[in-house]
1. What is the sum of charges, Lys and Arg at +1 and Asp and Glu at -1, for the other residues whose Cβ falls under 14 Å from the Cβ of Val54?
2. Taking θ as phi - 60°, what are the ³J(HN,Hα) couplings along the stretch 300-317 by the Karplus curve (6.51, -1.76, 1.60), each to the nearest whole Hz, with x for Gly and Pro?
3. In the stretch 25-96, if every C-alpha pair distance is counted and binned at 5 Å from zero, what percent goes to each bin?
4. State the three equivalent ellipsoid semi-axes of the stretch 197-294, derived from the C-alpha gyration tensor as the square roots of 5 times its eigenvalues, in descending order and whole Å.
5. If you take Rg and Dmax of the Cα atoms in Å from the coordinates, which of (i) 29.2, 125; (ii) 20.8, 72; (iii) 19.4, 62 do you get?
6. Full extension from Leu166 to Asp266: what is 0.36 nm times the residue separation minus their Cα-Cα distance, to one decimal in nm?
7. With θ set to phi - 60° and the Karplus curve 6.51 cos²θ - 1.76 cosθ + 1.60, what are the ³J(HN,Hα) couplings of the stretch 280-294 in order, to the nearest whole Hz, using x for Gly and Pro?
8. Just want the answer: with Cβ charges of +1 for Lys and Arg and -1 for Asp and Glu, which residue in Asn171, His136, Leu153 is farthest toward the dipole's positive end in the stretch 119-182?
Amino acid sequence: MHTRTFFAIALLVLSTATAAAQDLKPGVAEAPAQPAPPPPPYKLSGLMFGDYYVFAKQHLDAWEGQHGLWLRRVYFTYDHTFTPKLSTRLRLEMNSNGKLAGGSLTPYVKDAYLRWNFRGRQALTLGIQPTLTFEHVEAVWGLRHIEKTPLDLYRVDSARDFGVTLSGPLNAPQTIKYAVQFGNESGNNAETDTFKSYRVSTRYEPKQGLTAEVMLGQFGRPNDGDRTTAQLFAGYRAPRGRLGAQYSFQKRRAPDGSTAPDTDLDIFSGFGVFDLMPRRLSAFVRADRYADPCPDCAGIDYLPIATTHPFTMTLAGLEYSLQPSVRFSPNVEWVAYSNRGGAIAARPANDAAVRLTFYWTF
């Protein structure tokens, strides 16, 4: 019995020593963990938003009482990164006819640009791209799916232009930024004339707290009917909300040979967005004051506004997030017209649109 026990213990010791010797052999090491595969050089994404709407009051008889569902915007975007410094974007857009004219959603090119980052954060962008006029204002507002920013909504400038933009930070903390843009002033469309646009902006933009921007634009038109736009914007961003205020001015020169005078347009706007339940429920309110008759408001989609009188547009609502990429928002837009000395047309009846806005991204 003692002999068998001795041989069992000896065999166990020998096995352990042999395993230890194998671990200590030179040149034999544990295989390193495989690194994670690099991310793909491309990204596909999409966005959709629309409303169930009711025009409770409308100065146009054709819209009075109209209600239904529509998709106001559908995006499908392809982003491709050639190198860390060179990338491109192709975005298609589709939307419903915002003038109750029916028809199908027809896709068209919204963005098509190439971006080259050089010398750190300096960037050169070529192609169909966002304009400088309200890019920063829209980023602080953060509720494009609820409503456009003022200069976009009232058609003072286009959301896109085909052109070249040079942009980047001016200081080491990258809080002071500039951008210079030269474009066709033809929106997403092909160039058909010799007139061009020039936009310049500079902004102070920390991650939180106070932000401010100054934007200037010059737009060529036939017969010297040029337009000059200026915008001042200030905002404040905090963990539980954000505020913004802007003043915008545009001077429209009367074309040569026209009997009409030059036109000055003034727009004031302020907004607040407040988190009632972080990442779940927020409230927002905004007021735009268009201090002159709006010459281009007949072309607004989804919210017809009279062109004959000054007005104040008030927007308010709540937004509930099932998750950050899926949101629902009951909201109301109220347009109140005011009298203007010398106006020929009678003051229109006020407008009210009640909406349940839905929004999701993927």
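1. -2
2. Couplings: 5, 7, 6, 8, x, 10, 5, 9, 9, 9, x, 7, 10, 9, 10, 10, 8, x Hz.
3. 3, 11, 12, 10, 10, 8, 8, 7, 7, 6, 5, 3, 2, 2, 2, 1, 1, 1, 0
4. In descending order, the three semi-axes are 35, 16, 9 Å.
5. Working out Rg and Dmax of the Cα atoms in Å from the coordinates points to (i).
6. 33.2 nm
7. 10, 9, 9, 10, 9, 8, 8, 9, 10, 10, 9, 7, 9, x, 8
8. Farthest towards the positive end: Asn171.
The values are calculated or read from the model by the stated rules, or taken from the named source; none is laboratory data. For clarity, every value in this text was computed on a predicted model and none was experimentally measured. With ideal geometry, Cβ positions are generated from the backbone for all residues, glycine too; neighbour counts draw on all protein chains shown. Each accessible area value is taken on the protein alone, full model and side chains, heavy atoms only, with ligands, DNA and RNA left out. Shrake-Rupley method; radii C 1.70, N 1.55, O 1.52, S 1.80 Å.
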